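First comes the structure, then the notes that go with it.
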Amino acid sequence: MTLVVTGGAGYVGSVCAQHLLDAGHDVVVVDDLSTGHRDAVPAGARLVEGDVAVVADEVLGAGGVDGVIHCAARSLVGESAVEPAKYWHGNVVTSIALLDALRRHRVPRLVFSSTAATYGEPETSPITEDAATRPTNTYGATKLAIDHAIGTYAAASGGELAAVSLRYFNVAGAHAGAGDTPALGERHTVETHLIPLVLQVALGQRDEIAVFGDDWPTPDGTCVRDYIHVDDLAEAHLLALDLLARGDGPDDGHLVCNLGNGTGFSVLEVIEACRRVTGHPIPARVAPRRTGDPGVLVASSARARAELGWKPAHTDLDGIVADAWAFARGRAT
Ligand code: UDP
């Protein structure tokens, strides 16, 4: 198939693009390089540099596109609180432009990077897809709005457009390089995610890690999250495309699937894993809770397993951290 990956110069998008190439697909990456990196675009993919909203019509209008994986997004929760316009325009308005272009050019398949942030503070754990969606931050609200939009576009398309929204929990780890293919991992200019920040301490790039709250109603008092390896995540995108290509999606044309390992690890457990993997003492200090953080976010991935035939291969936290560490160390040398 010929597949367009928006945001293919970013963390998740570049790993998805690499997996698609490895599976023998042709890949076009669309990325404005505002947060992505030119050298993260896998060799073998064609890069169209530009804003998705601006170039979607041209890229899809050229014909022959079998599907789009839409990863391009603004994704900083804290920033979304202070700059909402950047998120409503950058995520929602851009995605509507993409959906319009998909319809106009009769592109039949879409896989969308959605998020656990669409659920907000859950009432039950693990979270299933029919849980209430009450996002606690603007980022999650924009992703939920796009999920709703996709559902209505697919339903109105008379079967011409089928889509899968994948609700990622905490993506972590890195895709190992091989031969001339470089490793692909997290390289955010503004880093806010726990594992890369802890590894920065091990690399001597920061003095300590702040633990955002130790008074949560969890076994050790710190927040619990469900960490999923980026290679497992990318495989789910390929399986979602396969499902859509077989015409096995739901009757209304839109499937929503959570993606997580189904196991929660606390912030302190993550820091311990990083200490084991790196051999560094990694000083930690308890800091106030971060606004908008739910205490526990753990996925039920039963639907992804049943509908996509997906099964994560990297469920061991130390293994996920070891891959992130190999990537971080490789970039620091
Ligand atoms: N966290 C922390 N210190 C940090 C960064 C994150 O204690 O410097 C916690 C955060 O409160 C959350 C967990 O680590 O409970 C994972 O946060 P991250 O930003 O990686 O992902 P999120 O769950 O917000 O998507």
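The values are calculated or read from the model by the stated rules, or taken from the named source; none is laboratory data. Just so we're clear, the structure is a prediction, and the values are computed from it rather than from any experiment. Cβ placement follows ideal geometry from the backbone for every residue including glycine, while neighbour counts extend to all protein chains displayed. In case anyone asks, the SASA skips ligands and DNA or RNA and just uses the protein heavy atoms, side chains included. Shrake-Rupley method; radii C 1.70, N 1.55, O 1.52, S 1.80 Å.
For VAL298, the shell of other residues with beta-carbons less than 9 Å away shows a net charge of 0, using +1 for Lys and Arg and -1 for Asp and Glu.
By accessible area, using a 1.4 Å probe on protein heavy atoms only, the chain has 50% of its surface on carbon and sulfur. Using the rule -39500 (n - 2.57) for each DSSP H run of four or more residues, divided by the residues of the chain, the 222 nm mean residue ellipticity is -10500 deg cm²/dmol.
Test of understanding: what is the full-extension gain from ASP51 to ALA306, defined as 0.36 nm times their sequence separation minus their Cα-Cα distance?
My answer for the length gained is 88.3 nm.
Taken over the chain, the convex hull of the Cα atoms encloses 122 Å³ per residue. Solvent-free Debye calculation, one equal scatterer per alpha-carbon of segment 49-166: log10 I(q)/I(0) at 0.11 Å⁻¹ equals -0.38. 3J(HN,Hα) along segment 194-209: 4, 4, x, 5, 5, 5, 5, 5, 4, 7, x, 8, 8, 7, 7, 10 Hz, from the Karplus curve 6.51 cos²θ - 1.76 cosθ + 1.60 with θ = phi - 60°, whole Hz, x for Gly and Pro. For a paramagnetic label modelled on VAL190 (point 7 Å from Cα along Cα→Cβ), amide N atoms under 17 Å away belong, within segment 287-303, to 290-293.
What the Cβ-Cβ distance of ALA62 and THR181 gives, at R0 = 25 Å and to the nearest 0.05, is a FRET efficiency of 0.40. Each of ALA287 and ARG134 was given a label point 7 Å from its Cα along the Cα-to-Cβ line. The distance between the two points is 2.8 nm. The gain in end-to-end length when the ARG104 to ARG276 segment is fully stretched comes to 56.7 nm, 0.36 nm per residue minus the alpha carbon separation. In the full protein context, the chain carries 42 Å² of accessible surface per residue, based on a 1.4 Å probe and ignoring ligands, DNA and RNA.
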